[in-house]
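Peer 1: Below you'll find the structure I mean.
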Amino acid sequence: MNVLLDNFPAFRDGFIGTLSITAVSAVIALVLGVLIAGFRVSPVPPLRFFGTAWVTLLRNTPLVLLFLIATFVVPEILFPGMSPYVLGSLALGFYTSSFVCEAVRSGISTVPLGQAEAARSLGMSFTQTLRMVVLPQATRIVVPPLSSIFIALTKNSAIAGAFSVTELFGWQKTMSDLGHSIVPIFIWVAIGYLVITFAISGIFRLIERRMEVAR
């Protein structure tokens, strides 16, 4: 208990850092994931190829390697001076977007083909059909796997601590370097992650219940 009380400001900053990078990365992953899922079911071959390449490349690349590229390669070539927090958020968001994409695409595949054909017969474009007809119906199917994906994202955010991002696992490393006992440190770090993951699980459970009522 003393390790937390004596270093509470640093623990608080680490917890907020984890919460922040998780939220920002989740938004990036959700936006990109839905967009790439649209590419993957698009009637335009170049878009389908881009979507397939995006998912295949990111899902089969180790997350640590993405962090290394984001931290050491991207600032040298594209965006010099970009903060580790932004680079870490982008690496996490891009990586997770490939999993979001596949979850959304699976949800889209459950919508009967006749729904899209009926929309097209009314003169709707592909984008309008996807946005107004297909995605609203696919959302009920997509919500449960998204919960698991964002919980995994929270745990993956620990890697950011090794790349100069302030978060819970970085606090653990700092406390260990200061000579504190490792067991209570890991207990408090685990509690911090559990609070966030339980909150995510609860939010998605509420969304699922609301979708069931709407159904």
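The values are calculated or read from the model by the stated rules, or taken from the named source; none is laboratory data. Owing to the predicted nature of the structure, the values given are computational and were not obtained by experimental measurement. Note: ideal-geometry Cβ built from the backbone for every residue, glycine included; neighbour counts use all protein chains shown. Side chains are part of the model used for accessible areas, which takes the heavy atoms of the whole protein and leaves out ligands, DNA and RNA. Shrake-Rupley method; radii C 1.70, N 1.55, O 1.52, S 1.80 Å.
Peer 1: Compute the signed sum of charges (Lys and Arg +1, Asp and Glu -1) over the other residues within less than 15 Å, Cβ to Cβ, of Thr52.
Peer 2: Working: positive: Arg40, Arg48, Arg59, Arg105; negative: Glu102.
With Lys, Arg at +1 and Asp, Glu at -1, the net is +3.
Peer 1: On to the next question. From a point 7 Å beyond the Cα of Ile77 in the direction of its Cβ, which residues of the stretch 25-67 have a backbone N at a distance under 19 Å?
Peer 2: The answer is 50-51, 53-67, whose backbone nitrogens lie closer than 19 Å to the label point.
Peer 1: What order do Met175, Met124, Met132 take when sorted by accessible area (1.4 Å probe), most exposed first?
Peer 2: Numbers: Met175 5, Met124 50, Met132 105 Å².
Per-residue accessible area, sorted high to low, gives Met132, Met124, Met175.
Peer 1: Using a 7 Å offset from Cα along Cα-Cβ at Val27, what residues in the stretch 86-102 end up with backbone N under 14 Å from the label point?
Peer 2: 86, 89-90, 93
Peer 1: Rounded, prolate or oblate: pick one for the stretch 42-88, where a ≥ b ≥ c are the square roots of the eigenvalues of its C-alpha gyration tensor, a/c under 1.5 means rounded, and failing that, prolate if a/b is larger than b/c, else oblate. Walk me through the numbers before you get to the answer.
Peer 2: Working: a/c = 3.35, a/b = 2.01, b/c = 1.67.
Prolate, because a/c is 1.5 or more and a/b exceeds b/c.
Peer 1: Let me cross-check Glu102: its accessible surface, 1.4 Å probe, with only protein heavy atoms counted, in Å² to the nearest 10?
Peer 2: 30
Peer 1: What residue among Phe50, Phe169, Phe39 shows peak mean-square fluctuation when the chain is described by a Gaussian network model with Cα springs under 10 Å?
Peer 2: Highest fluctuation of the listed residues: Phe50.
Peer 1: Which angle between 0 and 90 degrees, to the nearest 10, do you get for helix 45-59 versus the longest principal axis of the chain when only C-alpha atoms count?
Peer 2: 30
Peer 1: While we're looking at this one, here's another question. Ordering Ile108, Ile16 by how much accessible area each has at a 1.4 Å probe, largest first, what is the list?
Peer 2: Details: Ile108 20, Ile16 90 Å².
Largest accessible area first, the list is Ile16, Ile108.
Peer 1: Could I ask something else about it? When the solvent-accessible surface of protein heavy atoms is calculated with a 1.4 angstrom probe, in what order do Leu87, Leu32, Leu68, Leu122 fall, highest first?
Peer 2: Details: Leu87 10, Leu32 35, Leu68 70, Leu122 140 Å².
From most exposed to least exposed: Leu122, Leu68, Leu32, Leu87.
Peer 1: Apply the Karplus curve 6.51 cos²θ - 1.76 cosθ + 1.60, θ = phi - 60°, to the phi angles in the stretch 191-200 and return the couplings in whole Hz, x for Gly and Pro.
Peer 2: Couplings: 4, x, 5, 5, 4, 5, 5, 5, 5, 4 Hz.
Peer 1: How much solvent-accessible surface does Trp171 expose, in Å² to the nearest 10, with a 1.4 Å probe and all protein chains in place?
Peer 2: Number for this one is 10 Å².
Peer 1: Ok, one more. With the full set of protein chains in place, find how many percent of the accessible area of the stretch 5-163 is carbon and sulfur; take the probe as 1.4 Å.
Peer 2: Details: 5720 of 8100 Å².
Solvent-exposed carbon and sulfur of the stretch 5-163 make up 71 percent of the total.
Peer 1: What nm distance separates the two modelled labels at Phe186 and Gln115, each placed 7 Å from Cα along Cα→Cβ?
Peer 2: 4.6
Peer 1: Determine how large the accessible area of Phe186 is when every protein chain is in place; take a 1.4 Å probe and give Å² rounded to the nearest 10.
Peer 2: 90
Peer 1: Just the number please: accessible area per residue for the stretch 50-129, 1.4 Å probe, all protein chains included, in Å².
Peer 2: Accessible area per residue, the stretch 50-129: 54 Å².
Peer 1: Given the options Gly179, Gly170, Gly88, which has the most mean-square fluctuation in a GNM of the chain, springs set between C-alpha atoms less than 10 angstrom apart?
Peer 2: Residue with maximal mean-square fluctuation among Gly179, Gly170, Gly88: Gly179.
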